[in-house]
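Trainee: Sharing a structure here in structure tokens format.
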Amino acid sequence: MKVDKEKIKEAIEKSGYLVEQKVINEFEKAGFFAGANYAFEDQDEHRSREVDFIATKYTDFTFGKTGFYFFAYGEVKKKSDPLVFFERQPQGQEFLEYHIPITATQMFFTNIDVGLDIQKLLNFKEIHHQIQHGLISTQFCVVDQAKRKAEHKNLYESLFVPLLKCVDSEIHDIGKNWVFDPMRPSYFLGIFLPLLVISGPLLSYNVHNDELTEKDYIIYRRHYSSGTVTRTLLIDIVSMKYLEQYLSDKLTKTYQAFEETMAKNIDIIFDYCLKDRAILDLKVKEMLAKQGYKP
């Protein structure tokens with residue numbers, strides 16, 4: 001059988017493979033290590049699932065002792081029908097920074113202060129691009145213009161559920177060995193970012209003024225709950241044509257901001273870890289003494 005290269009190229013261009021490769025290339029150009037078809041175990045179904053790509057970047061401040069890791073997990077969708085996200089201003093009580101998935105050697109310092117955590121110490125609210133965006137979406141639809149019909153079809157299950165489960169799985173796997181040991185203190189922070197790259201029309205419907213506009217970038221908040229996974233995430237929705245600028249203006253700047261802030265505050269973080277552990281140890285000793293235990 002004779003190979004028809006033009007037909008092969010046409011078939012590839014109709015698929016999403018070429019777009020996925022271009023996305024990976026853009027991440028690598030921006031200084032990330034990226035790869036296609038990242039597999040993880042589905043927590044509910046106990047079978048292998050995949051997301052379209054993973055991109056990582058990290059800084060070791062002191063090798064084996066302190067480090068900052070950034071993990072991006074993404075799906076790529078090539079779609080001709082417009083994808084519309086309904087946007088609104090976040091409410092004051094939403095605290096979006098707590099929907100940014102992280103893992104760390106120690107995330108909370110409740111023995112010092114019930115409200116103290118690594119998000120506050122590193123000022124997530126001020127330096128993460130998602131919190132600075134100003135609008136949030138919690139619902140979307142795909143519009144069939146010929147039929148004048150709006151629905152989300154199976155996109156939620158096929159795109160967002162794998163992202164949610166992948167990030168949840170990675171948080172547990174990566175963070176399980178990051179435990180603070182006061183005898184050999186070390187501190188690592190991992191920040192996770194799920195994103196969807198759209199090759200096709202991406203629109204916003206502003207629910208405050210009923211304006212429909214084409215967008216380059218949207219933040220979508222999604223909650224998922226199953227027998228094993230309960231998590232709410234902020235997901236970046238990015239137009240393919242805007243991807244290079246998104247990586248430069250948002251992801252790289254967010255990475256650099258966290259890198260700089262963590263480097264400046266690592267000694268303070270160590271002090272908080274040690275102080276929190278000392279208070280906890282004292283509480284345990286006092287409780288044991290009340291129960292009559294003598295060391």
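The values are calculated or read from the model by the stated rules, or taken from the named source; none is laboratory data. Not measured: the values here are computed from a predicted model. Cβ coordinates were reconstructed from backbone atoms using ideal geometry, including for glycine residues, and neighbour counts include every protein chain displayed. The accessibility values were calculated without ligands, DNA or RNA, using every heavy atom of the protein model including side chains. Shrake-Rupley method; radii C 1.70, N 1.55, O 1.52, S 1.80 Å.
Trainee: Relative to the longest principal Cα axis of the chain, at what angle does helix 161-175 sit, 0 to 90 degrees, rounded to 10?
Mentor: For 161-175 against the chain, the angle is about 30 degrees.
Trainee: Figure the gain on full extension for LYS241 and ASP210 (residue separation times 0.36 nm, minus the Cα-Cα span) and round it to one decimal in nm.
Mentor: 8.7 nm is the gain from fully extending LYS241 to ASP210.
Trainee: Looking only at Cα atoms, what is the convex hull volume of region 129-188 per residue, in Å³?
Mentor: Cα convex hull per residue, to the nearest whole number: 122 Å³.
Trainee: Further, regarding this structure: Provide the per residue accessible area, probe 1.4 Å, for region 155-252, rounded to a whole number of square angstrom.
Mentor: Each residue of region 155-252 exposes 41 Å² on average to a 1.4 Å probe.
Trainee: Using C-alpha positions alone, give me the convex hull volume of region 142-295 per residue in cubic angstrom.
Mentor: Per-residue hull volume (Cα only) is 204 Å³.
Trainee: How big is D, in µm² s⁻¹, for region 221-264 by Stokes-Einstein at 20 °C and 1.002 mPa s if Rh is the Kirkwood radius over C-alpha pairs?
Mentor: 166
Trainee: I've got another one for you. Ignoring ligands and nucleic acids, what accessible area does HIS152 show with a 1.4 Å probe (Å², nearest 10)?
Mentor: 90
Trainee: Can you compute the modelled spin-label distance between GLU151 and GLU286, with each label point 7 Å from Cα toward Cβ, in nm?
Mentor: Using points 7 Å along Cα→Cβ, the separation is 6.1 nm.
Trainee: Using a 1.4 Å probe over the heavy atoms of the protein chains, calculate the carbon and sulfur portion of the accessible area of the chain as a whole percent.
Mentor: After summing per-atom areas, the C and S share lands at 50 percent.
Trainee: Hey, another quick one. Taking a cut-off of 16 Å, what percent of all Cα-Cα pairs in region 92-200 are separated by more than that?
Mentor: Everything past 16 Å amounts to 71 percent.
Trainee: Restricted to Cα positions, what overall size does the chain have along the principal axes? Three whole-Å values, descending.
Mentor: Cα extents, longest axis first: 82, 52, 38 Å.
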